[in-house]
1. Positive end of the charge dipole of region 121-214 (Lys, Arg +1 and Asp, Glu -1 on Cβ, about the Cα centre): tell me which of 190, 129, 201 has its Cα farthest that way.
2. What is the Rg over Rh value, at two decimals, for region 68-109, using alpha-carbon atoms and the Kirkwood definition of Rh?
3. Ordering 169, 125 by accessible area with a probe of 1.4 Å, largest first, what comes out?
4. Suppose R0 equals 22 Å. What FRET efficiency, 1/(1 + (r/R0)^6) with r the Cβ-Cβ distance, do residue 157 and residue 31 give to the nearest 0.05?
5. What accessible surface, in Å², does a 1.4 Å probe find on residue 102, ignoring ligands, DNA and RNA and rounding to the nearest 10?
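The values are calculated or read from the model by the stated rules, or taken from the named source; none is laboratory data. Note that this is a predicted model, so its numbers are computed, not measured. Here Cβ is always computed from backbone atoms with ideal geometry, including for glycine, and neighbour counts include all displayed protein chains. Remember, those area values only see protein heavy atoms, side chains included, never the ligands or the DNA or RNA. Shrake-Rupley method; radii C 1.70, N 1.55, O 1.52, S 1.80 Å.
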Amino acid sequence: MGEWGFLSSLLDAVQEHSPMVGRFWLGVMLIFRILILATVGGDVFEDEQEEFVCNTRQPGCKQVCYDRAFPVSHYRFLVFHVVVLSAPAVLFVIYSMHQTAKMARAGKVGSQCGAGPQPAQRRRHIRAVYVANVITRILAEVGFLLGQWQLYGFEVETTYVCQRAPCPHRVDCFVSRPTEKTIFIHFYFVVGMASAGLSLVELAHLLYKGQCRRRESVSPSNPAGATAEISSETKALCYALPARRWVPVTPREG
């Protein structure tokens with residue numbers, strides 16, 4: 001449970017830059033995926049291989065039939081799904097923390113004399129990386145939903161018929177608690193569809209907001225060049241003085 005708590009704390013840091021829809025997605029991720037998988041998922045699938053029984057004692061037959069029935073363990077597939085979905089958000093948190101630290105340092109030494117990007121430009125970079133994070137999340141979500149459909153379908157069968165070497169003949173293999181596992185798979189598929197829908201709505205919201213910002217930046221009431229820019233005289237004074245030691249001098253009276 002400790003590793004899930006660490007992942008949850010990293011994902012929680014994303015909400016600082018998320019709109020309301022993104023926070024809904026984060027709630028779905030933390031409650032209906034990480035929490036359910038950490039508390040219930042292991043118990044549902046822990047006997048997946050031990051209770052897989054075939055009506056033969058031929059050595060190796062049970063193993064090859066289990067590999068045929070479940071190419072990837074359900075539980076490992078779901079854990080890998082959560083990790084892949086969380087990876088873009090974790091990378092975004094690292095990038096945004098790095099950019100925020102740079103903006104804080106620039107504010108302390110005086111951003112006008114800095115040669116790097118201005119805070120407004122850094123904030124635009126953070127928003128662009130967040131949009132890339134949402135797009136990557138959507139692609140991963142759709143890919144895993146298709147993968148779940150291809151690997152397992154929507155139902156865990158009670159019996160699997162297997163005819164592979166070294167099985168001497170066609171054998172029947174039986175799965176423990178197929179109904180419970182089917183319900184869990186259905187639940188996770190519905191959660192995946194809801195998560196993908198929320199991500200699409202969030203992406204549309206971010207693109208719309210970005211378009212509104214671009215319109216405002218070129219509107220007649222806010223023409224280009226009206227934003228706070230450094231004048232050529234200020235730049236010359238900054239470059240003429242030693243770096244990070246620019247102190248305005250007040251004229252002495254008399």
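1. The Cα lying farthest towards the positive end belongs to 129.
2. 1.43
3. Final ranking, largest accessible area leading: 169, 125.
4. So, using R0 = 22 Å, E works out to roughly 0.15.
5. My reading of the accessible area for residue 102 is about 70 Å².
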